[in-house]
Amino acid sequence: MLNEYPLWKYLLIIFMVIVGVLYATPNLYGEDPALQISATRQSTIDESTLVRVEEIFKKASIEYNSLVMDKQGLVVRFNDTETQLKAMSVIDHEMGEKFTVALNLLPATPDWLASFNAKPMYLGLDLRGGVHFLMEVDVDTAIRQTEESNVSEMRSSMRKEKIRYLTVARKQAEDAHPAGIEIKFKSAEEREKANSLIRKDYSDLLRTEYEEADRFYLLVSFSENGIRELKRYALQQNITTLRNRVNELGVAEPIIQQQGLNRIVVQLPGVQDTARAKKILGTTATLEYRLVDVEHSVQDAINGHVPVGSKLYYERDGSPVLLKKRTIVTGDQITNASSGLDNTTGIPAVYVTLDGKGARRMGDITKENIGKPMAVVFKEKRGKKLVEEVINVATIRDAFSKRFQTTGLDSTEEARDLALLLRAGSLSAPVEIIEERTVGPSLGKDNIDKGFRSVIIGFVLVLAFMAFWYKGFGLIANMALALNLVLIVAVLSMLQATLTLPGIAGIVLTVGMAVDANVLIFERIREELRNGNTPQASIHAGYEKAFSTIADANITTLIAAVVLFGFGTGPIKGFAITLSIGILTSMFTAIMGTRGVVNLAWGGRKKVAKLPV
């Protein structure tokens, strides 16, 4: 028949409606304030942990909605954020030493919907609230640190091979020579031996030989390609470290990505403790273990006569201490760390585990220096200032290597944060937060309300116009428009896409554009009726002849959306995604959906005298 669909098309439309409603529904349930309790390498979560948490809440008279154990650990849901924050304080005090406790907002989707894997779409920073950081990486410091490390390693290698040298030191760039590591020798023969050794161990570095004042020099420097690679590696390593730290914070759907040559963007939607997030992400805290220089006078060092190979430090109480420059192990050799209390003194401590290389070095040094003091240096960048403090000086009583504890920290909170930073890894280069934006939950809710209001206003105005201008056919177009909105939300939820304010703008634009196809179809039907065609023939001609125009208009808009997605930044990408999805769903609802309803109402063998269009 002229205006009749086969059964499979009707079934497809019904299927799309059911799927759309099913996967859009989770967005109506909102979110619950929650605590996520996850295990560290020093602990596990099992039924006994769940029972313990229940007992802690019962003792503190804290009410909760649910307490379940999943793959990530324990998840506790609450009615309000006030109870959530109180529970966080209690659990952190009782269990925070061995477990990671994080605040979060989790979907309140019912179990029957979750069984279909139906989840709400994620809300962006501007809708959910949270924190945005733009960080600049000090890549020049990464180059300097690498050169300082190479200086130490080259000294050790030449001593091991019994190559005699006068000095090894970093050198600033001059007119005649680039920056690098300058090694001075008495003879050309020793220089040639060192050149062969360095060529074998550091094949990617440039080596330049020259003579000045009867001395023979070897300058080892990075090539331009080597410097670019080192900067790129420092940036990527910092991104990895920041991602590890965010995972420790327990943030859902964080955005951590490179921007330009030396910047990193970090967005943490839903973060409630923004001060701690800033502290954890921006801190370059790490530990260094050094031997105390007991052979020279501390007072002479205070007076300005610091011996070669040593450096003057201060303890937290202001007491001076002279340490050897050569480090035993550093933070990048720490594979695991956990906070706790010292068994004998009860003071805060960090339990450290070293990698194989660090463990061997620590074992060798402590074996050779039993009875001598060793110090722990705490290094942290505060703003642009690097603070170095000696937090502990202790006598080596016995050899130890892989696992040991460090004390001298001010509080259990400092011990916990330091353990988190050491677990996540040290930043390979210092970072500076050059831009920070915090969006509070109330502002995010206000943005959601305004965005929702704009969609409703646009939707209602379009409904009113279509019903007034196209009568019964307009009501069918309105049904298609409502289904289009449901399908957009359903697709965003199925893709687990992140909805932002620009994304809402894309939905509002789609609402206006979605009825364009129906306007073209209905106007074509009117024209056919004016030309004297029958209602059935007019319906058929209206849909057939308008299709090419509709396709052209939507394809060109879709191409523009793809270009926006390809070349735009985050907010532009959000707009492009919702616009693209809206175009595709509106093509389905405006053409196939409305045609199905029109066919049921006026198609087939029905004798129609007049169409309500």
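No lab work stands behind these numbers, since they all come straight from the coordinates. Given the structure is predicted, the values throughout are model-derived calculations rather than measurements. Glycine also receives a Cβ, built like all others from the backbone with ideal geometry; neighbour counts cover every protein chain displayed.
For the chain, what is the charge dipole size about the Cα centre, in debye to the nearest 20, if Lys and Arg each add +1 at the Cβ and Asp and Glu each add -1 at the Cβ?
Dipole magnitude for the chain comes out near 1320 debye.
Could you give each residue of segment 518-531 its phi-based ³J(HN,Hα) in whole Hz, using Karplus coefficients 6.51, -1.76, 1.60 with θ = phi - 60°, and x for Gly or Pro?
With coefficients 6.51, -1.76 and 1.60, one gets 5, 4, 4, 5, 5, 5, 5, 5, 4, 5, 5, 5, 5, 7 Hz.
Could you work out the Kirkwood radius for segment 31-107, taking every pair of different alpha carbons, averaging 1/r and inverting it, reported in Å?
When all Cα pairs of segment 31-107 are included, the Kirkwood radius is 12.2 Å.
Please compute the length gained on full extension between residue 14 and residue 159, using 0.36 nm multiplied by the number of residues separating them and subtracting their Cα-Cα distance.
44.2 nm
Which FRET efficiency value, to the nearest 0.05, do you get for residue 479 and residue 584 by plugging their Cβ-Cβ distance into 1/(1 + (r/R0)^6) with R0 = 30 Å?
Efficiency at R0 = 30 Å is approximately 0.95.
Which peptide among 159-169, 466-476 comes first, and what is the full order, when sorted by highest mean count of other Cβ atoms within 10 Å?
Result, highest mean first: 466-476, 159-169.
Order of 213-224, 351-362 by packing, highest average Cβ count within 10 Å first?
Descending packing order for the listed peptides: 351-362, 213-224.
What order do you get for 517-529, 46-58 when each peptide is scored by the mean count of other beta carbon atoms within 10 Å, highest first?
Ranked from most to least packed, the peptides come out as 517-529, 46-58.
Helix 356-368 versus the longest principal axis of the chain: what angle, 0 to 90°, nearest 10, using Cα atoms?
20 degrees
On the Cα set of the chain, report Rg and Dmax in Å, please.
Computed over the Cα atoms of the chain, radius of gyration and Dmax are 33.9, 112 Å.
On a 0 to 90 degree scale, rounded to 10, what angle separates helix 81-95 from the longest Cα axis of the chain?
30 degrees
Pull up the cross-link candidates among the lysines for residue 86, meaning alpha carbon to alpha carbon under 27 Å and not fewer than 8 places away within one chain.
Excluding near neighbours in sequence, the set is 58, 59, 71, 98, 278, 279, 445.
Residue separation times 0.36 nm, minus the C-alpha to C-alpha distance between residue 167 and residue 152: what's the value?
Value of the extension gain: 4.2 nm.
Taking Cα pairs under 8 Å and at least six residues apart, what relative contact order does the chain come out at, in percent?
17 percent
Using label points projected 7 Å from each Cα along Cα→Cβ, tell me how many nm separate residue 342 and residue 211, to one decimal.
The two pseudo-label positions are separated by 5.9 nm.
Rounded to the nearest 500, what is the 222 nm mean residue ellipticity of the chain from helices alone, with -39500 (n - 2.57) per DSSP H run of 4+ residues and division by all residues?
So the calculated ellipticity at 222 nm is -16500 deg cm²/dmol.
I want to check the label-to-label distance for residue 530 and residue 61. Put each point 7 Å from Cα in the C-beta direction and report it in nm to one decimal.
Placing both labels 7 Å along Cα→Cβ, they lie 7.8 nm apart.
Multiplying the sequence separation of residue 453 and residue 243 by 0.36 nm and subtracting their Cα-Cα distance, what value in nm do you get?
72.0 nm
How far is the Cα center of segment 468-523 from the Cα center of segment 145-200, in Å?
70 Å
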